[in-house]
Ligand code: C6P
C-alpha cells in the first residue's frame, strides 16, 4: 500500500499564540517585535518547564544522594542531552553549559591562550565580528604578545576569502569567525573557512549566536573545533548557553574557573580536576536555565529548523523588497546568503531618530552599532536600524514596519 506523508503546514498564528509576550502592547499599540537577533521571546513550553522545575524539582545538582537532588540532576543533564542532539555532537562530554556566547568565547580565548599562545603568534578574526568575538581574543593576544589579524569585509557584507587564504600562515594559532553576522545577516561559508584552516592544522572557533535560531548545525559534519551559542536568542532563557568543543581540545585545555563541581581531589598542595564536561562548570550551575534551554531547543527541533528557515527567508525577501521601495533607504548587507536580519539607514537620518518613531508606533527594532563598531567603521556609518525576524513574525509585522519607516522618512528626511 502506498503511503503519502502530508507536508507539515507552518501555521504562524498558532506559533504566535505560544508566545504570551507577543500579545502585549507597547506605547499603547500592539507590540510588533522585530528584535529577535538581540533576544527572542519565549514560548509557553519554556516558561512552563522552568516554572515546573522550581515548583517540583529544585535542589542542587551532582551533590545529593537524596531523590530530589537526583531529579534536579536529571533535569539539568536532560538539557545537555538535547543540546548534544541540537548540534549533533558526538558526545555529551563535549557540551559545556556557559552563561552565553560571550562566556563561551572568553573561556576558549583564555584557556587556549594560556596553553598555546606565544609571542609572535597570530589569531584571525573577521571584520564583521561582534565585540564578543573580538575583545576576548584581543585580551589573549595582548597578554601573550600575539597579533590579531582581520579578514576584510567586502562591500556586500561577505568576507574576502582570498585575503583570508593569504592571512593563514605558520604563526596562525586560531581562526575565530561568526557563523552569521548579527548586523548584516551574512551567512559565512564556515565549512570552507574550517577546511582552509584545517589544511594548515589551525583550529576554528565559530560564534553561532545568530545561526542557532535559524540553521541546522552539525558540528561533526562541519568538523568545527569550538562552537558557541546563547540560549536567549534561540527561544530559551537568558544566562545560559552552550560551548561545544571537540573532546580532544577540551581535554587538553586547562580549566577556566576554579571551584566546586570542577574538581576530583583537592589538597592544599595540589588539585586534580573533574572529567569533562564538569571540568569547565565550576560552582552551582544555572540549573533552571539548562532546563529552559532544553525545552527551547526541543521546541525549535519539533517546529523544524528547515521550516523555520524557509518561513524566515520568505519574511526576509518580502521585507527587503518593501523597504527598498522607500526613497532614500539603503540596506547594509546584501550578501546572497543571508539570515533574517535587515540593517538599513534613511538618508541623513540618525538611526536613533528612526528607532524612536518606530517605538512610538509599538515597533521594536534595534538601533546603533549592534556591538560591531569595527564593522560600522568599515562602512563609515555610526550605526543602523536593524529589524530581525523570528519564527513568530508575519508579513503583517513587516507591513507595520514599512509603514512606520515611511512615516519616519516623511517626518525626518
Ligand atoms: N548580539 C545583538 O543584538 P551574548 O550577549 O553572550 O548572549 O551574545 C553575544 C553575541 C555574540 N556574537 C554574536 C554574533 C551576537 O550577535 C551576540 C549578541 C546581540 O546583536 C546583543 S549585542
Largest fluctuation, 349, 32, 46 only, Gaussian network model of the chain with Cα springs under 10 angstrom, belongs to 349
Ranked packing of 21-29, 154-162, most packed first, by mean Cβ within 10 Å:
154-162, 21-29
Paramagnetic reach from residue 166 (point 7 Å along Cα→Cβ, amide N under 14 Å) across the range 108-151:
150-151
Pick out which of 99, 84, 63 has the largest mean-square fluctuation in a Gaussian network model of the chain, springs linking Cα atoms closer than 10 Å.
63
Among 76, 256, 227, whose mean-square fluctuation peaks in a Gaussian network model of the chain (Cα, cutoff 10 Å)?
256
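Which of the peptides 113-123, 282-292 is most tightly packed, and how do the rest follow, judged by the mean count of other Cβ atoms within 10 Å per residue?
Values: 113-123: 16.5, 282-292: 21.4.
Order by mean packing, descending: 282-292, 113-123.
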Could you order the peptides 308-317, 205-214, 230-239 from most to least packed, using the average number of other C-beta atoms within 10 Å per residue?
205-214, 230-239, 308-317
Under a point spin-label approximation (7 Å from Cα along Cα-to-Cβ), what is the residue 407-residue 71 distance to one decimal in nm?
5.0 nm
Taking the alpha-carbon centre of each part, the distance from the range 279-300 to the range 152-193 in Å is 30 Å
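Quick note: the coordinates plus some simple rules give every number you see, no bench work behind them. Just so you know, these numbers come straight off a predicted model, no measurement behind them. We place every Cβ from the backbone using ideal geometry, glycine too, and count neighbours over all the protein chains shown.
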